[in-house]
Amino acid sequence: MASIDRRQALVATFAASIAGRLPAAPTPARVEPDETIALWPGLAPGMPATPPVETIEERSKDAQAPDRAVRGIVRPRLAVFRPATPNGTAVLVAPGGGYRWVVVDKEGYEIGRWLAARGYTVFVLFYRLPGDGWAAGPDVALSDAQRAMRLIRQRAASYGLRTDRVAAMGFSAGGHVCGDLATRYDARVYVPVDAADALSARPDVAAPIYAVQSMAAPMAHKGSRDLLIGADASPARERAHTPAHNVTRATPPCFMVHAEDDDVVPIDNTLAMRAALKAAGVAVETHLFAEGGHGFGLRRAQGRPVAIWPELFHRWAQTHGLG
C-alpha cells in the first residue's frame, strides 16, 4: 500500500501544479449524439416473454445540465460522437446506473463530447439490464458490450479508425461492464448472428472508472449485485461475475480512477482489481483521490483535483499508442 500512497501524493502534487494550466473539465450544455447504431439486426436475442418498456427519466431541473436515466432498454444501441479530426482511436463508453438504468448524460454524452474534442470517436453504449428478464441473465450487458466492440471493428474504415485502437471505458456499474468485457471478452455469451461476430471483442485498453467490481460482501455494491446475480447468489456465482477473479495475462492494460471518500462503491473494488492485474503481469495505472465521492464524472469533479482524471486518461492512452 505504500507505493499507492506515494503515487497518490504525487498525483495530488501534479494536480495542484497544473491546476492553473489545464482547462477545467467543462459541463457541456445539452449534447446529443451525431448518429445511432442498432447493435442487433431485428430484435435483441433472448427477449423476455413480457418485454421491458423503455422509459427516460429526466432527473435534473437545469436545462443546461441534463441528467437522463434510461431504464427498460429493449433496443440496445450505440450513440456515436464523431470528432472533427479523427485520431484513429475508438472509445466504447458504458455509463453507470447500478444496473437499474443507464445514466446517459453525466457518464455518457458529456465524456463523449470531451473525448471527441480530442480526436476520439466515441460510442456510448445503451446496454440491456439484467433485472429485465433477458435470457442471457447476468451476461446480458456483456453480450451487448461484446457485440458493440465487434461492430466498431467491422465499421472501423468508415469512421477512420484502426481495428487495433479500440478502447473501453465504464463508470460505476458501467465500470463492471467494462471490467467484465476486459476479462471475459471471449466468453461465449450469445449465438453469433452475422460476420461481425467473427471479430475480436477484446478492448485494446480498458478504463473502469470508480467501478463496481466485486460481487461479494463487503466490497459489493448491493444494488448492482442483487440485480446482476440475485440476492441469494452462491459464492461460486459471485466469483464468476467478479472481474478480479477473471484477470489473465491476456487482459488488456487498464487505467483506473477512484475516490477514497466514495461511500457507494468502496475503493477496495479498484484496489482488488489492481492487485489482480499486477499479479497477472498486466500493465495498470491507478489514480486515487482523497475527495470526489461517487459518480463525479466531469461535472461533479470541477474545482477539485479529481477534475484532472480525463486529461490523465488522455495522456495515458497516448503512451499506449491510442491518443
Worksheet item: What are the residue pairs meeting all of these: first residue in the stretch 56-70, first residue under 17 Å from Phe126 (Cβ atoms), second residue small (Gly, Ala, Ser) and not in a strand (DSSP E or B), Cβ atoms under 6 Å, and 6 or more apart or on different chains?
Response: Pro66/Ser60; Asp67/Ser60
Item to complete: Tell me, yes or no, whether the stretch 104-124 has at least one residue that is within 27 Å of Gly230 (Cβ to Cβ) and either assigned to a strand (DSSP E or B) or without any contact (Cβ under 8 Å) to a residue 12 or more places away in the chain (or both).
Response: no
Discussion item. Quick check on Val257: is it assigned to a helix (DSSP H, G or I) and either within 27 Å of Ala65 (Cα to Cα) or in contact with a Cys (Cβ under 7 Å, 6 or more places away or on another chain) (or both)?
Written reply: no
Practice prompt. Pull up the stretch 215-261, narrow it to residues that are polar (S, T, N, Q) and either under 30 Å from Ala307 (Cα atoms) or without any contact (Cβ under 8 Å) to a residue 24 or more places away in the chain (or both), then point me to the one that is surrounded by the fewest Cβ atoms within 10 Å (Cβ to Cβ).
Written response: Ser234
Item to complete: Could you tell me which numbered condition Thr89 fails, if it satisfies all but one of (1) crowded, with 24+ Cβ neighbours inside 10 Å; (2) within 16 Å of Pro33 (Cα to Cα)?
Response: (2)
Fill in: Complete set of residues in the stretch 271-302 that are closer than 28 Å to Asp67 by Cβ, of a type in the set (A, V, I, L, M, F, W, C) and assigned to a loop (DSSP other than H, G, I, E, B)
Ala290, Phe296, Leu298
Fill in: Restricting the stretch 71-102 to residues that are in contact with a Gly (Cβ under 7 Å, 6 or more places away or on another chain) and without any contact (Cβ under 8 Å) to a residue 40 or more places away in the chain, the residue that is farthest from Glu311 (Cα to Cα)
Thr85
Worksheet entry | Any hit, the stretch 303-322, residues being at positive phi, under 19 Å from the mean Cα position of the chain (by Cα) and part of a loop (DSSP other than H, G, I, E, B) | no
Worksheet entry | Filter result for the condition that a residue is under 13 Å from the mean Cα position of the chain (by Cα) and charged (D, E, K, R), over Asp144, Asp139 | Asp144
Worksheet item: What tally of residues in the stretch 308-322 results from selecting those that are crowded, with 22+ Cβ neighbours inside 10 Å and among the small types (Gly, Ala, Ser)?
Response: 1
Response to the item:
Of the conditions (1) of a type outside the set (A, V, I, L, M, F, W, C); (2) closer than 26 Å to Gly97 by Cβ; (3) in contact with a Leu (Cβ under 9 Å, 6 or more places away or on another chain), the single one that Gly179 does not satisfy is (3)
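Every number in this text was worked out from the coordinates using simple rules, so none of it is lab data. What you are looking at is a predicted structure, and each value in this text was computed from that prediction instead of being measured. With ideal geometry, Cβ positions are generated from the backbone for all residues, glycine too; neighbour counts draw on all protein chains shown.
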